[in-house]
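One structure below.
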Amino acid sequence: MSDADARQDLLDALAEGIEELAKALATFGEAYELLDENSQDRLEEQLFGPVQKAYGRAQRTYTTFAERKNLPTRTFSEVSPGPTYGPLDFLSTAAKDTAPLGAGTLFPGRKLDYSGGRSYVKTASKDNRDCADAATGSLAAALARNGCTRVMRVTYTRGGSAVTVGVAVTVGVAVGVGVGVAAHADVLVVATASGR
């Protein structure tokens, strides 16, 4: 391989990297729209800003190297974001939502901290593949009616109160039953609270 060929290969590899950075920026833009304000700020500070700088530097490096070595240059256009989806569009089918699913990924950590100094400690976690063991009454009926295949739940406590939050994986459109139930497509989210 000649020096000219090696330089062109290096330039081509850099161009591929620049295109991947552009795709990442477009993806960050899509994700940004789905986040709350605090998460948007963190995304911009920790990911978008640094990747945007790397994208600009990589383009300048590409152009400078190509011009110094008398190689053909190209311009890079921004990759426009794809269609905008709501969070439930990603969660509605296993084909779209490929993230690992489990109580540990849905409810990470040992506690939840809220503004004002309120903290809730995770005291129990359960992952049921037999949905009949996970609920009773009208909730059990709704899970059965919608083809429940799995329920993941955790209980958080603070003082004399306990809150149990669960996510059920279903095969049909879930219908909300009772207090604290939100449902869409193949996901049923349930929250119950009780005092001790």
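Structural remarks
- Answer residue from the stretch 111-137, given it is among the basic types (Lys, Arg) and touching a Phe, Trp or Tyr at 6+ places or on another chain (Cβ under 7 Å) and is surrounded by the most Cβ atoms within 10 Å (Cβ to Cβ) among those: 122
- Tabulated pairs, the stretch 28-40, first assigned by TED's automatic domain parsing to the domain that holds residue 52 and within 20 Å of residue 52 (Cα to Cα), second loosely packed, with under 11 Cβ neighbours inside 10 Å and among the aromatic types (Phe, Trp, Tyr), C-beta under 7 angstrom, 6+ apart or interchain: none
The values are calculated or read from the model by the stated rules, or taken from the named source; none is laboratory data. Please read these numbers as outputs of a predicted model, since none were measured by experiment. Cβ coordinates were reconstructed from backbone atoms using ideal geometry, including for glycine residues, and neighbour counts include every protein chain displayed.
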